[in-house]
Amino acid sequence: MKIFVGNWKAYIHSYSDAKKLFEVYKKVASISKNTSYIIAAPPLYVLSLHKEYRGRKILFASQTVSYCKEACTGDIPAYQLSSEGINFALVGHSEQRRKGKTDEDIRQEVNACVQNSIVPIIIVGEHKRDEDASYFKFVAKQLKTALADYPKNKPLKFIVAYEPVWAVGAKEPAKAREIEMMTIYIRKVLVQMFGERKGKSVPILYGGSVNQYNIDAILDLQETDGVLVGRASTDTDAFIEMARKLK
Ligand code: PGA
């Protein structure tokens, strides 16, 4: 089973456009046998799409989640998402980290998700690739901090997405070899933290300039269970073409 996360960001400018795109997702998901579709729709639209949807094939994610309680103007607290049935949330996206969110904030966001039965999609990735390969350590630190409090006695209900910041919104994704080496490394970190059986149960996605032309090569990689797609997930033709390859 593969996972496709469509991160619509703020590319959709009206609810009626969101509904049109959603119709395409519905059709695709209804005939898909091998892929779970998760839509991270814009914050103002995600709840309405979710409430109007009668099917079961599409899952919904918030693009952000807050651990703050009560006095936090503009935040989207985990308990509100959970009470409305939004079961996934992007946590640690580089476009959120850029606004000043620290690894420590991400850890608390993961904790808020766990406490409210939301599956966090934890996004990690380095800003640049230095010659001494310290980006591996950088990513390990992001991941270990995010999961520092994750209960060891429960099944692991989170997804990791590797998104090198330099490949997000770029012309090209990271090279296949670069993605593969990092996802294998992420798997190793997860196994170290949670043991062989549990560590291997966590889906690892790749994100950063995925489109209909490069998705095949990415899906073939070892330890890559799916993709997190920004721009191309909002382009109907590109999305249909990607779905054809996902099956
Ligand atoms: P992109 O965005 O596919 O447009 O590079 C991916 C993401 O930021 O999640």
Free-standing Cys, the chain [no other Cys Cβ under 4.7 Å]: Cys113
Under-5 Å amide H pairs with Glu126, H placed in peptide plane, nonlocal only: Val165
Theoretical gain in end-to-end length, Ser134 to Ser83 [0.36 nm per residue, Cα-Cα removed]: 14.3 nm
Gain on full stretching of the segment that runs from Ala148 to Ala10 - 0.36 nm per residue minus C-alpha separation: 46.6 nm
Alpha-carbon radius of gyration plus Dmax, which is the widest Cα pair, for the chain in Å: 16.9, 51
Amide H within-cut-off set for Ile3, under 5 Å, with H built and near neighbours excluded: Ser36, Gly226, Val227
Helix-derived mean residue ellipticity, 222 nm - over the chain, DSSP H n ≥ 4, -39500 (n - 2.57), to 500: -12000 deg cm²/dmol
³J(HN,Hα), Karplus 6.51/-1.76/1.60, whole Hz, each residue of region 218-225, x for Gly, Pro: 6, 5, 6, 6, 5, 6, 10, 9
Likely footprinting exposure, Glu178, Glu95, Glu104, fewest C-beta neighbours within 10 Å first: Glu104, Glu178, Glu95
Label zone at Lys198 (point 7 Å along Cα-to-Cβ), backbone N below 18 Å, region 134-160: 143-160
Between region 184-229 and region 1-64, the Cα center-to-center distance that results, in Å: 21 Å
Cβ-defined net charge surrounding Thr102, 13 Å radius [Lys, Arg +1; Asp, Glu -1]: +2
DSSP bridge pairs, the chain: antiparallel proportion in percent, nearest 5: 0 percent
Over 31 Å (Cα to Cα) - which of Lys171/Lys198; Lys69/Lys245; Lys26/Lys99; Lys99/Lys171; Lys57/Lys141; Lys27/Lys171 fall in this group: Lys171/Lys198; Lys69/Lys245; Lys26/Lys99; Lys57/Lys141
Relative contact order %, the chain, counting alpha carbon pairs below 8 Å whose residues are six or more apart: 20 percent
Estimated vicinal HN-Hα couplings, Hz - region 235-247 in sequence order (Karplus 6.51, -1.76, 1.60; Gly, Pro = x): 9, 3, 5, 4, 5, 4, 5, 5, 4, 4, 7, 6, 6
Sparsely packed trypsin sites (Lys or Arg not before Pro) within region 17-55, loop by DSSP, other Cβ within 10 Å at most 10: Lys33, Arg54
Sequence of Ile76, Ile31, Ile123 once ranked by neighbouring C-beta atoms within 10 Å, starting from the fewest: Ile31, Ile76, Ile123
Karplus (6.51, -1.76, 1.60) ³J(HN,Hα), θ = phi - 60°, over region 90-104, in Hz, Gly and Pro reported as x: 6, 10, x, 4, 4, 6, 8, 4, 4, 7, x, 5, 9, 4, 5
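None of the figures in this text is laboratory data; all of them are computed from the coordinates on show. Predicted, not measured: the structure shown is a model, and the values here were computed from it. Backbone-built Cβ (ideal geometry, glycine too); neighbour counts: all protein chains shown.
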